[in-house]
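This report concerns only the one structure given below.
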Amino acid sequence: MPPFTRSLRKKPGRSGCGCLLLVIALVIVLFLGWKPALAFLGGFLVRDEAPVHADAAIVLGGDDFGSRTLTAANLVRQGYVPYAILSGPEMLGGHESDLTLAYAVKQGFPAAYFQTFPNSSNSTRTEAKAFSEELRRRGIHRILLVTSNFHTRRAYYLFHLTDPSLEIHTIAAPDRYFTPDSWWITRTGQKTFLLEWSKTIA
């Protein structure tokens, strides 16, 4: 079958999936009311677990305000992990991990709390693949996965999909603009919600 024909055959399935999700969302709104429904949909993005002792904390890239890094630093301070690995996607001729490390030190945390992991990832999926290889090299089997609250469920799924043998406990860092039970109040919260849900569905 020609590739063009195959692509045409795939479209109805994706469209049907989108319609099903829309119907589910409408049912939730009808049964819960619009505010509880929106809070439910916002809360679904969050997978926040109690911290446990692990081999290391992993801080994902995209830490625009440093909350992921500081959350991980406190996990080290509290003795849950010996150190945190800062992801370092490329940016402005350097790596993000260097900037977040400097920020954490400026906030009073010892540089010894952290190790940097420069990489060329440009998505959570490629970041998960890069980390999977690095963690195997280090002999790490249990991690605390630290990322922004709205990003936790999708990040967990992608890391688990990449390496099912890895024991993952997600830790949600607070986000300046996204609160699960009131995200719709601000424009930035709305944009975060819509973008994260579109990535989750994709």
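A few comments on the model shown:
- Summarised in one figure, the compactness ratio Rg/Rh of the range 70-118, Cα atoms and Kirkwood Rh, is 0.98.
- For the range 41-100, radius of gyration divided by Kirkwood radius, i.e. Rg to Rh on alpha-carbons: 1.03
- N122/K191 FRET efficiency (R0 22 Å; Cβ-Cβ; nearest 0.05): 0.65
- Placing dummy labels 7 Å off each Cα toward the beta-carbon, the span from S132 to W184 is 3.7 nm.
- Here the accessible area is traced with a 1.4 Å probe on the protein chains. For the range 41-134, carbon and sulfur cover 53 percent of it.
- Based on alpha carbons, the Rg and Dmax found for the range 109-167 are 11.9, 33 Å.
- In this structure the amide hydrogen of Q115, modeled in the peptide plane, comes within under 5 Å of the amide hydrogens of A84, I85, L86, none closer than 5 places in sequence on its chain.
The values are calculated or read from the model by the stated rules, or taken from the named source; none is laboratory data. Values in this document were obtained by computation on a predicted structure and should not be read as measured data. Methodologically, a virtual Cβ is constructed for each residue, glycine included, from the backbone with ideal geometry; neighbour enumeration extends over all protein chains shown. The accessibility values were calculated without ligands, DNA or RNA, using every heavy atom of the protein model including side chains. Shrake-Rupley method; radii C 1.70, N 1.55, O 1.52, S 1.80 Å.
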